[in-house]
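Data first, discussion second: the structure below is written as structure tokens.
Just so it is clear, none of the values below were taken in a lab; they were calculated from the coordinates. Not measured: the values here are computed from a predicted model. Cβ atoms come from the backbone with ideal geometry, glycine included; neighbour counts cover every protein chain shown.
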Amino acid sequence: MGKKQAGTGPLSRRPDNSAFKQQRLPAWSPSLTPQTVLPTFYILSLVCLLLGIWLLITVEYTYELKVDYTDAGTCEQCFNLRKHAIDSSTPCKCTVSFHVPKTFPGDVFFYYGLRNFHQNLRRYMDSRDDAQMVGRKNNLKAPSSYCAPFDYDANGKPIAPCGAVANSMFNDSLTVMYNPTDGSKIQVPLYRKGIAWYTDKNVKFRNPPTNNTFSLQQAFEGTTRPLYWQRPVYELDDIDSNNNGFINDDLIVWMREAAFPNFKKLYGVLNRAQGPFTEGLPAGNYTLSINYNFPVEPFRGRKELVISMVTWFGGQNYFLPIAYLVTSGLILVTAVVLTTVFVKVGKKGKNMEE
Amino acid sequence: MGSLLSACGINVKKKKVEEERHLRANDREFNLSFKYANNAIKTSKYNVFTFLPLNLFEQFQRLANAYFVFLLILQLIPQISSLSWFTTVVPLLLVLSITLAKDLSDDITRHKNDNHVNNRKVEVLINGDEKWMNVQVGDIVKLENNEFVTADLLLLSSSEPLNLIYIETAELDGLVSKPVNVNMNLSICYYCVRCEPPNNRLDKFTGTLTMRGETFALDNERILLRGCTLRNTEWCFGLVVFGGPDTKLMQNSGKSVFKRTSIDHLMNVLVMFIFGFLAFMCTILSIGNAIWEYQEGNSFITFLPRADGANASLSAFLTFWSYVIILNTVVPISLYVSVEILRLGNSYFIDWDRKMYHVKSDTPAQARTTTLNEELGQIKYIFSDKTGTLTQNIMTFNRCSINGKSYGKRKSRKIDFSWNSLADSKFCFHDHKLVEAVKSGSPEVRAFFRLLALCHTVMAEEKTEGLFYQAQSPDEGALVTAARNFGFVFRSRTPETISLVEMGVPTTYELLAVLDFNNVRKRMSVIVRSPEGKLTLFCKGADTIIYERLHPSSSKLMEVTTEHLNEYAGEGLRTLALAYKDLDEDEFEKWKERHHEASTSLEDREAKLDTIYEEIEKDLLLLGASAVEDKLQDGVPQTIEQLAKADIKIWVLTGDKQETAENIGYSCNMLREEMKEIFIVAANTAEEVREELLELLRTACMCQAVICCRVTPLQKAQVVELVKKHKKAVTLAIGDGANDVSMIKTAHIGVGISGQEGMQAVLSSDFSFAQFRYLQRLLLVHGRWSYLRMCKFLRYFFYKNFTFTFVHFWYGFFCGFSAQTVYDEWFITLYNLVYTALPVIGLSIFDQDVNDRWSFQYPQLYAPGQLNQYFSKMAFARILLHSCYSSLVLFFIPWAAMCDTVRDDGKDIADYQSFALLAQTCLLIAVSVQMGLDTYYWTAVNQFFLWGSLSVYFAVTFTMYSNGMYLIFTSSFPFIGTARNSLNQPNVWLTIFLTTILCILPVVAKRFLFIQLKPTINDKVRQAKAVPPPLPRKFPRRRISTRRSGYAFSHARGYGDLVTSGRFLRIPVKSRPALFPHTDTPVP
């Protein structure tokens, strides 16, 4: 402050005459005039209306079907069986029938949905070790303390993958049978791979290094499977051996924790290569058979199968179109009010008088 | 504290309390035995080793930083830690290092200054040249002209007649010259001084000096204080009494009151409220957590076992602290740093303003305190000094009426005074008739100027450059200078003679008596004997007083002169009537005896003298009248009118008399003819003033203008204090002299005029500039903008932080109150620090609602600041509600849009990481658009900051979510791929668009409605901006019809006493190089 400039002379302390120092920087100073505000409101109202209609139409042609199988059909026994942790190793199979009223054209996606399952609890979400799941050798056998109490088993063996998230992985297996009117049963073929984010599959989750002589099982030697799992991580997929270990798609999908307690996760995509499914999922009767493993009774949860189509806008989501339509209406009402006020009060300029 | 400081290497002196100072001149050994502080000073706070620990220690004492540390400790507890340590450490380090850098540079400057001062050289009697820091108490030092005073000195002698010395008091008080009357023989340097211990009272000193067995009392008159500069005095000797830290200057420094603005106070209240609010939110959430844990958590332990011994209540307790960490952003920690930054920026704009730079004195305006800017926009009362502030303290002899003839109409060109070799070249007069009258020898005209040359208490000083006058009051100087230029040159005086050069002829008058001025008499007279032996009494004084004492023969002349006086008063001039009387030798002798009697009487001397004076000052013959213009500073009337329009009440507090003050009040537009009632506060003691003021405060505060006359410096401060206390309004005091210091320090804002009266006012002020008229720019432009910017900043800052934080609150209801954050931790770290920091600073440094010309055109625009309209508790509550609304939109719209949806390839998008990214992007865009809505003045910098910050957000986000970052710092950046996978989704952008619309449009609609229905003056001006503002009006000078005469002396007693005192005789007057061959300086 007040530092003298180097030079001396009659005007040596005169401040510079720069636009910045004199606060005369060229500037745009908009103000809320009727000429800008009212058209903006009308235009925005129109934009929202159009968007809303467009989205609504899109969503109208996006079909979705939810089949709650928690205790439906023959699953009530399994539901009751899974109430007790003691019987957790006892296998239980059940079936649920459902009807698809309209053909789902195009690609059809099969999700499992869980209700009231809090994947978003802080301690739950912290209970994982990304360094282990990216396949680092050191971390594989020394899981992070965040995984506790799922870091080592009772014998002190490191768990892979460690933590509560992996431990609680959804382990029902779902099979959907198509029952055409002719009485036959056709299994709906599903792609069970390619259901995870590319970045997750290729970057975030990696297996420990293996080669021709060093198998995945050997790589995981010295670790044990999570407490609630029936199989070790390197045997998750018994059909496709490349889908085993940390890069198992189901595991990856599960590990991407949901933001809210009610969520659905991708289970498989309809394989439209053959049969009646080339055009999509035909209308008709279906049977869902479940290897019922995942207990939901303790946390008063529900399980469901969600069959859905997908558009550019994602799945069937009525919220945004309706929200846009409502917003459009609100803006329109506001715009009309503002216009009325402007015409009654502001237009004559009386309010602007001194 | 003390032990800690000494442990840190700070030298804490534990001295015995000094009760009396005892020293011997030039006896160092003796003096050193007392361990008095030597003359080295230390204003710096740190050295190389103590800087870091001490500074950090100081910084952590601040609430904000302590809060950071508290959070950090919480975060280190694993059960509580809901955020990584870096979210706290990064901002903390930033804040600490900014403060550290600022303190470091400040302290380096102080070190440099200390070194510079300590290494100044001074001549010490026993050692020759010595550095200042080595000067000891008891040394005798010799100061030469223009040297700084080394320490507090006891003056021993000086080169000047009367042992007067002249000092410029740059840093202390406004004394201009100081008479010292001790004459001591320097060859015997054996003085013994006993005096009071060091203290900070500038006006008091007691002690005794023993010399050759004789003891003399010492008082403040003989002390020369450090911080002054010797002027017009060849040399002087002084004995060092107090050195270095003991000097009055150092004892006085560093104790200035730390001023805080009303916004600061409000902010403190709000921060306390926010703490409470934080606790409230955390309590709700932890209760929620207890309920959730009890109902749901128990059933979820299969998947997420509890830690040992944990149950719902412990979990709730831990959750409380976890939420304290998460919601900590609601307490605006970085607020204080940002506020400092933008105040500093706005202070720089004041320093840089060319329109507040005074070319003549090469003085730019200066914001000496950088923490008060926004209060400049809230001023309700201005307390102004008069002399030197409203007026230039320059008097010019403008008009005169001699023997019924008026001179001095400004119609012809300047008179050339070259015929008079002694004339003062700066003097100007415009009426040639007067010169002709003098030259032609008109006896009345000559008597008129003779009177002016004789009847005064001015001291003359002859230097090689010419003749200089030292006048007690500038109007006396103006009158004597006028006489000088018209050929009656006052050259020198002794106690018994006055030497003039009358039209080139040196003449010496014998000075028989000085009937000095005082407030009651309102006149002064001298009785002189001319070289011819004629006895004459010359008298000048207030016209009413003189008129009462005129001889009846003057009555006709009186009428004419009265007319002239009225005319002069109408022009706002200060008038004096002049009269004389020839005296009888016998009559005078008798009078003189009685005078002597009275002047030696011990009781009631003043009253007796007054009576004696009264006896002789009668039957006077009127000579005429003089009119002196008390020059106003440029633009004062306009400024006052502007400020009045801005509804700022102006009180003038002056030591002057009522007439003078009123006169100035009229001439500077404060008082106008149509103002009928003028209350006059005239009281003698502070208590009376207070009582009267309390009575009048109501009335006075309704008045547009108040003038307080005859107030002492202390009373000035009391008046300010009174208004501060009873009106709860923001006050500003403006002054230029030492007598204004108390007022400047008391008022919320002190403004110093850097003028002629020394620098003390400036040094104790918060803002300083050279001219009163800059005040309107300081208040109406800088103050208004600063207030506007500060309030916008605060409103926006609170808004963005509350909105940010409340989203977490809503998420608590969906995540089992588990203290899960909504956003990525890095976003939490960088939100305040990077993504939103620069735009808001740009807003609060550059924003202008209307430009400066409009601000001048409509001073009413100033009103919102006075009424606290832009930021108050109400405004804060509105912000809270607004944030609440915004956060609801920003949480529930993305929630509803995302909770059951998938990507366009059927894959997951309702996952936590995608939702976090969506929520934070919505938030950032919404608050950025809100920022745009708040910005009235879009400079390129604002655009750059806003778009830059948004780009930086996306750039940083993509970088942190990239493969590389994940593979290097796996556990720090778990959000890999989130940005790529969700920001390419149309529904994400549709959600962002919808939240932005829903956040912004209600605000736009509300603002538009208010502009239409209840437009403020501000809105009107902004809407009318298309028309360029007209040029500032010219103010015609008002004619004033009523006469206000003012006797021009200051109310203090003059030099009269000293001039005629016997003490004068003891001092040999140093003979000077003579200007004239016929100098007849009588050397007794």
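For chain A, what does the relative contact order come out to in percent, with C-alpha contacts under 8 Å and a separation of six or more? With pairs under 8 Å counted, the relative contact order is 33 percent. Counting neighbouring beta carbons within 10 Å and listing from fewest to most, the residues B:ARG260, B:ARG222, B:ARG529 come out as B:ARG260, B:ARG529, B:ARG222. In the range B:415-526, Cα pairs under 8 Å separated by at least six residues give a relative contact order of 22 percent.
Take every Cα pair under 8 Å in the range B:272-413 that's 6+ residues apart, average their separations, divide by the length, and report that relative contact order as a whole percent. Display every interim value, and only then the final one.
Working: 79 pairs, mean separation 23.9, N = 142.
Over the range B:272-413, the number comes to 17 percent.
Unpaired Cys in chain A, meaning no second Cys C-beta under 4.7 Å: A:CYS48. For the range B:516-639, the extents of the C-alpha atoms along the principal axes are 55, 35, 28 Å, listed from largest to smallest.
Counting every alpha-carbon pair across the range B:919-993, the share separated by more than 15 Å comes to 63%. The Rg/Rh ratio for the range B:49-137 is 1.35, where Rg is the radius of gyration of the alpha carbons and Rh is the Kirkwood radius. Computed with the Debye formula from one identical point scatterer per Cα of the protein assembly as shown, without solvent, the log10 of I(q)/I(0) at q = 0.05 Å⁻¹ comes to -0.58. Taking the C-alpha atoms only, the angle from helix A:319-341 to the longest principal axis of chain A is near 20 degrees. Applying a DSSP loop filter and a limit of 11 other Cβ atoms within 10 Å to the chymotrypsin sites (Phe, Trp or Tyr not before Pro) in the range A:265-333 leaves A:TRP312. Pairs exceeding 31 Å between alpha-carbon atoms, taken from B:LYS728/B:LYS1020; B:LYS380/B:LYS540; B:LYS405/B:LYS534: B:LYS380/B:LYS540.
For the range B:442-485, the set of GluC sites (Glu not before Pro) satisfying both a DSSP loop assignment and a count of at most 15 other C-beta atoms within 10 Å is given as B:GLU465. Ranked by how many other Cβ atoms sit within 10 Å of their own Cβ, fewest first, the residues A:TRP229, B:TRP292, B:TRP810 fall in the order B:TRP810, A:TRP229, B:TRP292.
Summed over qualifying helices (DSSP H, 4 residues or more, each -39500 (n - 2.57)) and divided by its residue number, chain A shows a 222 nm mean residue ellipticity of -7000 deg cm²/dmol. Stretching the chain fully between B:LEU76 and B:LYS592 yields a gain of 176.3 nm (0.36 nm per residue, less the alpha carbon separation). Taking square-rooted eigenvalues a ≥ b ≥ c of the alpha carbon gyration tensor, is chain A rounded, prolate or oblate, where a/c under 1.5 means rounded and, failing that, a/b exceeding b/c means prolate? The shape class here is oblate. Multiplying each eigenvalue of the alpha-carbon gyration tensor of the range A:278-343 by 5 and taking the square root yields semi-axes of 46, 20, 8 Å, largest first, rounded to whole angstroms.
Among the GluC sites (Glu not before Pro) in the range B:584-636, those placed in a DSSP loop whose Cβ has at most 12 other Cβ atoms within 10 Å are B:GLU603.
For B:GLU465, put the label point 7 Å out on the Cα→Cβ axis and report which residues of the range B:424-443 keep their amide N under 15 Å from it. Residues B:424-427 fall inside that zone. Each distinct pair of alpha carbons in the range B:865-988 adds a 1/r term; the inverse of their mean, the Kirkwood radius, is 17.0 Å.
Listed by Cβ neighbour count within 10 Å, with the fewest neighbours leading, B:THR43, A:THR199, B:THR600 appear as B:THR600, B:THR43, A:THR199. Relative to the longest principal axis of the Cα atoms of chain A, the long axis of helix A:34-60 makes an angle of roughly 10 degrees.
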